[in-house]
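Enquirer: One structure, pasted below without further comment.
The values are calculated or read from the model by the stated rules, or taken from the named source; none is laboratory data. This structure is a prediction, so every number in the text was calculated from the model and none was measured. Because the Cβ atoms are built from the backbone with ideal geometry, glycine has one as well, and the counts that use them run over all protein chains shown.
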Amino acid sequence: SQTIHQWPATLVQPVGSPLSLECTVEGTSNPNLYWYRQAAGRGLQLLFYSVGIGQISSEVPQNLSASRPQDRQFILSSKKLLLSDSGFYLCAWSVGGAHNQPQHFGDGTRLSIL
Amino acid sequence: TQLLEQSPQFLSIQEGENLTVYCNSSSVFSSLQWYRQEPGEGPVLLVTVVTGGEVKKLKRLTFQFGDARKDSSLHITAAQPGDTGLYLCAGPSNFGNEKLTFGTGTRLTIIP
């Protein structure tokens, strides 16, 4: 069966520090991968998605970036965090190359910027 | 831009009561998905509705897709504390089926 791992679960970082959040998927090949940010108790804002290695689509201008160095690895990064980067970050995967597929989420990372 | 508006934003009811939450759009969707999210976790898929007018039941939860495929509802019968959570609807983007547009969410609290 497929599993998705996202870490760390919580992170407290000072303003201006770098960021690296990692997400890996097991049990499937060539998945679509996604990074979302969620404001408290609200819907999901898509940040980045990827349909293949090295292919990254950015949805919202920001100081974050994403990379997909391996088929089942998706990384969210920043060189210098801002206070506004605080939030709940979720990684997800879906079956690649198919229509109307559900997305499967990790347990999220709670990021607090001080 | 496709938007999915959910109502109500917050709902707090007593255990045993019935409730309905709504997901509405001015855009047509090829399908809609419903997710439930508990605090500190990622959303989990409940159901996908594909055909206009379709009704799907999952135990005490009944999901309906509007005839015009622009809206959906979730009805819960005899709500239980375990139903507490954030309910999100989502539909495939017209700009690429690999993306989903998520609704604004309904925060449901069932009081024991």
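Enquirer: If you go through region B:78-107 one residue at a time, how many are at the interface with chain A (Cβ under 9 Å from one of its Cβ atoms), farther than 16 Å from residue A:35 by Cα and aliphatic (A, V, I, L, M)?
Expert: Counting residues in region B:78-107 that are at the interface with chain A (Cβ under 9 Å from one of its Cβ atoms), farther than 16 Å from residue A:35 by Cα and aliphatic (A, V, I, L, M) gives 2.
Enquirer: State the number of residues belonging to region A:57-114 that are of a type in the set (A, V, I, L, M), touching a residue at least 60 places away in the same chain (Cβ under 8 Å) and within 10 Å of another protein chain (Cβ to nearest Cβ).
Expert: Kept after step one, since they are of a type in the set (A, V, I, L, M), are these residues of region A:57-114: A:60, A:64, A:66, A:75-76, A:81-83, A:90, A:92, A:95, A:98, A:111, A:113-114.
Checking the rest, the ones that are also touching a residue at least 60 places away in the same chain (Cβ under 8 Å) come to A:81-83, A:90, A:92, A:95, A:111, A:113-114.
Subsequent filtering for residues that are within 10 Å of another protein chain (Cβ to nearest Cβ) retains A:90, A:92, A:95.
Matching residues across region A:57-114 total 3.
Enquirer: Within region B:65-112, how many residues turn out to be of a type in the set (S, T, N, Q) and farther than 24 Å from residue A:94 by Cβ?
Expert: 5
Enquirer: Which ranges mark the strands (runs of 3 or more DSSP E) fully within region B:1-56 that have 1 or more residues being at the interface with chain A (Cβ under 10 Å from one of its Cβ atoms) and more than 21 Å from residue A:103 (Cα to Cα)?
Expert: Here the list reads B:10-14.
Enquirer: Continuing with this model, one more query. What number of residues within region A:81-114 satisfy the criterion of being hydrophobic (A, V, I, L, M, F, W, C) and either part of a strand (DSSP E or B) or closer than 12 Å to residue A:37 by Cα (or both)? Write out each step before concluding.
Expert: So in region A:81-114, the residues hydrophobic (A, V, I, L, M, F, W, C) come out as A:81-83, A:88, A:90-93, A:95, A:98, A:105, A:111, A:113-114.
From what is left, the residues that are either part of a strand (DSSP E or B) or closer than 12 Å to residue A:37 by Cα (or both) are A:88, A:90-93, A:105, A:111, A:113.
The total comes to 8.
Enquirer: Right, next: Examine region B:68-75 for a residue that is in contact (Cβ under 8 Å) with a residue 40 or more places away in the chain, within 13 Å of chain A (Cβ to nearest Cβ) and crowded, with 18+ Cβ neighbours inside 10 Å, and state whether such a residue exists.
Expert: Filtering region B:68-75 for residues in contact (Cβ under 8 Å) with a residue 40 or more places away in the chain gives B:68-75.
Going one step further and asking which of them are within 13 Å of chain A (Cβ to nearest Cβ), we end up with B:69.
Right, trim to crowded, with 18+ Cβ neighbours inside 10 Å and you get B:69.
Yes, the conditions are met somewhere in region B:68-75.
Enquirer: For region A:1-56: of the residues being at the interface with chain B (Cβ under 9 Å from one of its Cβ atoms) and not in a strand (DSSP E or B), which is modelled with the lowest pLDDT?
Expert: Here the residue is A:41.
Enquirer: Let me ask something additional. Restricting to region A:11-26, name every residue that is over 15 Å from the mean Cα position of the chain (by Cα) and surrounded by 10 or more Cβ atoms within 10 Å (Cβ to Cβ).
Expert: A:12, A:13, A:15, A:16, A:17, A:18, A:26
Enquirer: Considering region B:23-45 alone, what residues qualify as being under 13 Å from the mean Cα position of the chain (by Cα) and surrounded by 18 or more Cβ atoms within 10 Å (Cβ to Cβ)?
Expert: B:23, B:25, B:31, B:32, B:33, B:34, B:35, B:36, B:37, B:43
Enquirer: Please find, among B:44, B:21, the residue that is within 21 Å of residue B:98 (Cα to Cα) and either modelled with pLDDT of 95 or more or acidic (Asp, Glu) (or both). If you could, list the steps in order and put the result at the bottom.
Expert: On the way: B:21 fails: within 21 Å of residue B:98 (Cα to Cα).
Criteria check complete, one pass: B:44.
Enquirer: For region A:56-90, give me each residue that is among the small types (Gly, Ala, Ser), over 11 Å from the mean Cα position of the chain (by Cα) and under 25 Å from residue B:39 (Cα atoms).
Expert: If the condition is that a residue be among the small types (Gly, Ala, Ser), over 11 Å from the mean Cα position of the chain (by Cα) and under 25 Å from residue B:39 (Cα atoms), then A:84, A:86, A:87 are the ones that fit.
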